[in-house]
Every structure is written in structure tokens, then in C-alpha cells.
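Inspection log for the structure reproduced underneath, given as C-alpha cells.
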Amino acid sequence: MAKKQEAEKELHAKSAELHGEETKTVKEKESIESEADSLSIEDIKSKTLVTPAGDFDWDTDEKGFGNYSQEERAKLEQLYAGTFNSISKGEIITGTVVSINNKDVVLNIGFKSDGMVSLSEFRDTPDLKVGDQVDVFVESQEDANGQLVLSRKRAKTQKSWELINEALENDTIITGFVKSRTKGGLIVDIMGVEAFLPGSQIDIKPIRDYDIYVGKTMEFKVVKINHEFKNVVVSHKVLIEDDLENQKTEIVAKLEKGQVLEGTVKNITDFGVFIDLGGVDGLLHITDISWGRIEHPKEVLSLDQKINVVVLDFDDEKKRIALGLKQLTPHPWESLDTAIEVGSKVKGKIVTVADYGAFLEITPGVEGLIHVSEMSWSQNLRNPQEFLKVGDEVEAQVLTLDRDERKMSLGIKQLTPDPWQNIAARYPVGSKHKAVVKNMTNFGVFVEIEEGIDGLIHISDLSWSKKINHPNEFTKVGEVLDVVVLELDEENRKLSLGHKQLEENPWDTFETIFTLDSIHEGTVLKVSDKGAIVALPYGVEGFSPAKHSIKEDGKPLKVDEVADFKIIEFSKEAKRIVVSHSRIWEEARAEARSAEVSQKKNDQKATSNAVKKVKESVERSTLGDLGVLAQLKEQMEGAENKARSAKGSAEDAE
């Protein structure tokens, strides 16, 4: 600046000097013009004008600025050039505010001309005044109007990027202003550069309301930069974690089992609650929240709730802490009513139902097991859920009680009379009853005569005549059957029942009807590789082997086809009847063949006898006996025709 001022002073002095010479030249010119006015035309024509000696200086302009010596001109140019800075496009340079108006801020950056920056780029510096130093970005040395183009915003952005990159490389802390909320997090302004703060990186605890951070200035660490898209991701959580890591080490070092601490409910999950102990988290498992059963921790605790917890266990290396809440109160078994003993009746609520039974909560923390076998006198109950469900209020009887082991078994059926008492008097062998089908297996049907009295009908005792592969072919669950008591085992509570025994054994009658070789009409019910099942009269079924199920035309019998069948086997003990359709037509064909053979033999014998008689007659005949011979010939021809006719009938039968 000093050099520039000195050059300007010298330039001003030279200008004044040149101005004086210019005044002198003007005066001389005015004198010549005045003199010319006083001369006549002739005088002027005869007047000789004198031209100054010396060559004309073409470097002198009309204002007289060309009267520099070579040394002065070189010195002046050097001095003047030293007052300017060498700047280039894209450079960040410091300028001085020389003036401020309503639209622009004029800056002197030491260039041949001043630059202007829009006043809107100084909104963050309302106290800007003349003389302040400002960093600006050179966008262009001159625009279309020859004006120097500067930008403070771009200078700030470029410097911000440099600082942000340095912060990532050096893992240093930077400050930013939270501008607004966006999907999944917050937008942070870091010295003019917008960065993204994910919701998970705001704090170590889950944040439910992001808006409370908008408008705040916070410290961050840069965790990621995408240079291609100019994206920046920052985190505030890592700063907290760094502080907490030191606090955790200090807190865990002071922990002791049994120590009671105050904490805040930080997070609630299905399996438990995370408690903030002031820098370190501990887990309060769902089973350690209450002596009683709870389905979810939310039933007892809520977020941000302050509670006292006891340290159950901890791991120095992994910094894991197990906490308890119920341990702060006495165990309910210790205060269990002393009047409760085996045989006592208790009331409570079903809290859990399992495959083997249900748990009845008498008081919170005191439960007893009702085994499935103790729920009902019925032997049919296989699933406790058929009898009880969670939330049921029930009364039960104490079967066993162990206060030291804190175990109790209960029963419900004991509150009702045992239906097996005097069972022999009420259900003697041979007595008939009605029963409801409750369940079926491959070997039989379980039925209930009354509540608590169950019995089994074996599959072989369902029907006299039908062959049953599974009970569902005969009956279904819920159906009422007539039964008769076959056997009674009172000690083992077993009852054997029958259904077919309600009727007389039809096989005694079948034995007189389906005799061997008797023929009956039947319908084919089922066909397999081994043979066919045939429905015979009176509801009985027979079996026709495959080789006995062939028709006369050589084709096998089909389902629903009606035909005659011959009984070839009958067993009352095995309840088995074997029939044959092929046997019928095979035997008929055999009989026809036998008759044909017999007829041929008879015809041959008759012919032989006739020939013999003729021979005898010829020997004693005379000419007068020719009429008798003719008669014998007719008889022989008639016998032969009759034999041919019989033979043709036999062939047609085949």
C-alpha cells in the first residue's frame, strides 16, 4: 500500500507539471491568435509563421502525459506494478472492506480494480464494517463489464471442505449447526457445508423426538465423506461413547455383587429391560423383574422410569452387568400362609399352560403345577388346553408341598367324587350302556360312558360281518354307540367294551347258508392284484382270488359288477368266506364235455348192436325178408342222424 501511495503522489506531481506546460502553450496560442486579429489580409499572407525547432513527439497525447524520460517511465512502471497482487482464478485471497451499500460489499484485494460481493453473502456477519478482513474466492478476474468477480460463499465452502477432510483424517472434533430434520436423521450445517447426522448417531440411547435438536449447535466427528457426491456423514454419538467408555471402566471397577444402584429405563425388549446406570448399561432380565409371571416387561416398567436395582453379576472384560429388581423384596414363599398344607384347598389364576399341565398362581411368585392327569377323572384328557386356559380362575387341592424346594403340586379332579367308586355295582360285566366316541386309534375306539368312566372297544369287537381296517370306517368322534361291558379291571381303571356283542353271532347262521359249493349272487366292491372283495347276501363279504374272478369271456370282473359266485371255502372261526365266479362256468363247461363223451359212447354202442343184428338177420333171411332189411336200414340211418345232432349241440355249448 505504501508503494501505491508513493506512486500516486509522483503521478500527481507529474500531472501538475504537465498541466503548467499546457497552460503556457495555450497562452502562446492565444497571443498568436490575438496578433493575427490585428493584421490585415495582406499582412497575414505576407507574415511568415515560425515553427519550433526539433522533431514532433508522436508519444505525446493530447493531455501531455507523454513527457517522461525513459528512466522515469521505467521507474514509474516498476513502482506502479509493485502495488498490485498477482491473483488467479479459483484462488482464495484476503480482501479489505472499503465500502458497504444496500446491495454489495466492495473489497480491495490489492488488484488493479476492486471487487464486489453481494451483501446477502454476509448475512452471518451482521456487524461487518469498513476495514474488516474477509476471505473471498476469485471466480473471475473480470466479467463482461471488466469487473473483478469474487465470492465469499465459495471461499467459505472450499475452506469448510478442507477443514472437514482434515477432521476426518485427524479424527478431530468439529462444530455444526443443526438446520432441520430429514428422513432418518438431521441436516447439520458445518461452515456452509450440509452434512447428514443419522438418527442412530445422535445419542447412545434411542431418540424418539428429533425436533428437540433442531436449532442447536453441537460437536461432531466426521465418520464418512463421499467426494464424488460431496456428501458428509457426521456422528455425535461417538463423542458420547468415548466419554462413556472411560466412565464404564470406572463404574465397573467399583461394582460389587449385591450392590443397589439407581438407574433409568433406557430400552424395553421382549426378553428384558436395559437400565442406564449413569454411563454404563445393565440388563434386567424379564425373569428378574417380578416374583410373579409377566408376559412382557411393559406390564411393570416404562421408558425413562427411574428405579433401584441390585447387581446380580458382572463381567469386567465384556462390561456386562446383570441386574435384578425382584431381589429387592422378600421371596413370596417365605411369607406363604402356614395354614396351607397337603389336602388344603387353594384358589388362583392359571398363568401358564404346557403340554404336561398348567401352573396355578396362588400369590405372585407362588405357583403350583396341576398335572394333566390331575385335571379330570377322565382318561381321555390328553391336552391341558382342552380343560384350562391362561387367565382362568380355578380352585384346586394341594397334593404335595415342599417349602424348602418351593414346589407344590395341585389337583382339580380331587374336588369331585371319584366315579370309579362302586364301579362294579354300576357297570357289571354283561351290562348294556350308551357311550360317546371320544377318540380313535388303529386298534380301537375310546368311548366315555359318563364323565370319568372311559372304555375301549377293540376294532375286532365292532362288527361280526364287516372287515374293518380302521375304526373311522365304522364310526366317528362324537357319535353315540350302544356297548356292552366285556371286562372290568377296577384296580387299573380299565373297562373293555364291545359293540357287536349286542347281537347274536351271525356266523352261526351264515354257516347254514353259505355252505360249500352253494351259489349266491354277489356284487364286486373292490378289486386288487390279489383278488376281489364281494358283497354277499345278509351283509357279509367274501373274497374271490384273482384266478377265480375271471369271466367266461376271459376278462376279469370289475367293480360294481354283479355275478354268481360259488362258495369254495367257509371258516366260522376266522370269519372268512372264499368264493369263485370262474368255478361256475368252468364246471358247466366240464359237464357239457362229459355229456358229449357219454353220448358218443352210447351212440357207438347202439350202432354196434344194430350192425350185429343186421348181420344175424342176413344170414337167415330170404328174398321175402328184403322188406325187413329196408326197415333196419332206416333205423340205422335215424340213429346216425340223432348222434350227429347231439354232437352239434355239444360243440355249440363249447
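The values are calculated or read from the model by the stated rules, or taken from the named source; none is laboratory data. Please read these numbers as outputs of a predicted model, since none were measured by experiment. Cβ placement follows ideal geometry from the backbone for every residue including glycine, while neighbour counts extend to all protein chains displayed. Ligands, DNA and RNA are stripped out before the accessible areas are found, and what is left, the full protein with its side chains, is counted by its heavy atoms. Shrake-Rupley method; radii C 1.70, N 1.55, O 1.52, S 1.80 Å.
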Query raised in the report: How high is the relative contact order of region 430-544, in percent, with contacts defined as C-alpha pairs under 8 Å that are six or more residues apart?
Result: 22 percent
**Report entry** Cα-only radius of gyration and Dmax that characterise region 395-532, units Å
**Finding:** 21.9, 81
Report summary line: Of the accessible area of region 400-540, computed with a 1.4 Å probe and all protein chains kept, carbon and sulfur make up a percent value of 48 percent
Query raised in the report: Of the peptides 562-571, 282-291, how do they stack up when ordered by the mean number of other Cβ atoms within 10 Å, highest first?
Result: 282-291, 562-571
Query raised in the report: Roughly speaking, what is the stretch gain from residue 492 to residue 598, that is 0.36 nm per residue apart minus the C-alpha to C-alpha distance, in nm to one decimal?
Result: 30.8 nm
Query raised in the report: With every protein chain left in place, what is the accessible area per residue of region 355-502 in square angstrom, probe 1.4 Å?
Result: 54 Å²
Query raised in the report: Roughly speaking, what is the stretch gain from residue 133 to residue 608, that is 0.36 nm per residue apart minus the C-alpha to C-alpha distance, in nm to one decimal?
Result: 154.9 nm
Query - Modelled FRET efficiency - R0 45 Å, residue 560 with residue 287, Cβ distances, 0.05 increments - result: 0.10
Query raised in the report: Between residue 200 and residue 473, what is the label-to-label distance in nm when each label sits 7 Å out along the Cα-to-Cβ direction?
Result: 6.3 nm
Requested in this report: Between residue 187 and residue 390, take the C-beta separation as r, use R0 = 51 Å, and let me know the FRET efficiency to the nearest 0.05.
Outcome: 0.55
Report task. Could you check how many percent of all C-alpha pairs in region 234-322 are farther apart than 14 Å? Result -> 65 percent
Requested in this report: Determine by what factor the alpha-carbon radius of gyration of region 400-464 differs from 2.2 N^0.38 Å, reporting the quotient.
Outcome: 1.63
Requested in this report: Determine the alpha carbon to alpha carbon distance for each of 413/476; 179/254; 389/438; 434/466; 221/266 and list only those over 31 Å.
Outcome: 179/254
Query raised in the report: For residue 99 and residue 538 in one chain, what is 0.36 nm times their gap in residues minus the Cα-Cα distance, to one decimal in nm?
Result: 145.4 nm
Query - Rg(Cα) / (2.2 N^0.38 Å) computed for region 272-386, rounded to two decimals - result: 1.39
Report summary line: One finds the C-alpha centres of region 351-407 and region 263-285 to be spaced, in Å, by 33 Å
**Report entry** Estimated inter-spin distance, residue 230 and residue 371, nm [label 7 Å along Cα→Cβ]
**Finding:** 7.8 nm
**Report entry** Accessible surface, region 94-195, averaged per residue in Å² (probe 1.4 Å)
**Finding:** 56 Å²
